[in-house]
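The values are calculated or read from the model by the stated rules, or taken from the named source; none is laboratory data. The model shown is predicted, which means the values in this text are computed figures rather than measured ones. Note: ideal-geometry Cβ built from the backbone for every residue, glycine included; neighbour counts use all protein chains shown. These accessible areas exclude ligands, DNA and RNA; they are computed on the full protein's heavy atoms, side chains included. Shrake-Rupley method; radii C 1.70, N 1.55, O 1.52, S 1.80 Å.
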Amino acid sequence: MSEDPETAAVREANLGFYRAFASLELAEMQQVWERSDAVCCVHPGWPLLEGWDAVMQSWEAIFTNTAMMQFAITGARITVAGDWAWVVCTETITSVVQGRVLESKVQATNIFRKHAGRWLMVYHHGSPIV
């Protein structure tokens, strides 16, 4: 069974977020987020970050200290409700931070809002799986 066009568009937006993440380029990450003070983010082990500036500063800090990042996304469940959508998934991450190779798993929730025909991220929450 094929998925409906909106679900497919949200799936692509979610994958676009992970491509931006893996690129380690702030300009790429800025393209997938809604540019507003409504955005929020919780990185594993971090407090809640609220607003465009705080969220983008966090990505800049992560990208500055990371030499490489790769993702395998599994178990993605997508729900679309009007102009809102959310994805729950598991991130399996391989990264190089300060010369060390790290492997981790994170349970993520990504929330998107449709704006001018594009699904843009408004919320990302990652919780480590231990």
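Note the full-extension length gain between residue 53 and residue 77 as 0.36 nm times their separation in residues minus their Cα-Cα distance, in nm to one decimal. That pair, residue 53 and residue 77, stretches by 5.7 nm at full extension. Across the stretch 17-28, computed HN-Hα scalar couplings (Karplus, 6.51 cos²θ - 1.76 cosθ + 1.60, θ = phi - 60°) run 4, 6, 5, 5, 4, 5, 5, 6, 10, 4, 4, 5 Hz from first to last residue, x flagging Gly and Pro. Seen from every direction in turn and averaged, the convex hull around the alpha carbons of the stretch 69-130 projects onto 5.1 nm².
Roughly how many percent of the accessible protein surface of the chain is carbon and sulfur, given a 1.4 Å probe and a whole-percent answer?
Values: 3860 of 7150 Å².
Roughly 54 percent of what the probe reaches on the chain is carbon or sulfur.
The magnitude of the dipole of the stretch 27-130, with charges of +1 and -1 set on the Cβ of Lys/Arg and Asp/Glu and taken from the Cα centre, is near 280 debye. A run of the chain free of exposed loop cleavage sites, with GluC sites (Glu not before Pro) counted only in DSSP states other than H, G, I, E and B and at most 14 other beta carbons within 10 Å, reaches its longest extent at 26-130.
Coupling constants for the stretch 75-86 follow from the phi torsions by the Karplus curve (6.51 cos²θ - 1.76 cosθ + 1.60, θ = phi - 60°), and in residue order they are x, 5, 10, 10, 10, 10, 9, x, 8, 10, 8, 9 Hz; glycine and proline get x. Once the Cβ-Cβ distance of residue 129 and residue 61 is raised to the sixth power relative to R0 = 25 Å, the FRET efficiency obtained is 0.65. What percent does the relative contact order of the chain come to when contacts are Cα pairs within less than 8 Å and at least six residues apart? Reported relative contact order: 24 percent.
Report the gain in length on full extension from residue 94 to residue 70: 0.36 nm times residue separation, minus Cα-Cα distance, nm rounded to one decimal. Please list the in-between numbers first.
Details: separation 24, 0.36 × 24 = 8.64 nm, distance 0.52 nm.
Extra length from residue 94 to residue 70 when fully extended: 8.1 nm.
Working from label points 7 Å from Cα in the Cα-to-Cβ sense, the residue 109 to residue 15 distance is 2.5 nm. With all protein chains kept in place, the per residue accessible area of the chain amounts to 55 square angstrom at a probe of 1.4 angstrom. Placing 4, 37 in order of accessible area, with the largest value first and a 1.4 Å probe, yields 37, 4. Each principal axis of the Cα cloud of the chain was evaluated for its coordinate range; sorted largest first, these ranges are 43, 34, 23 Å. A Förster radius of 30 Å combined with the Cβ-Cβ distance from residue 26 to residue 4 puts the calculated FRET efficiency at roughly 0.35.
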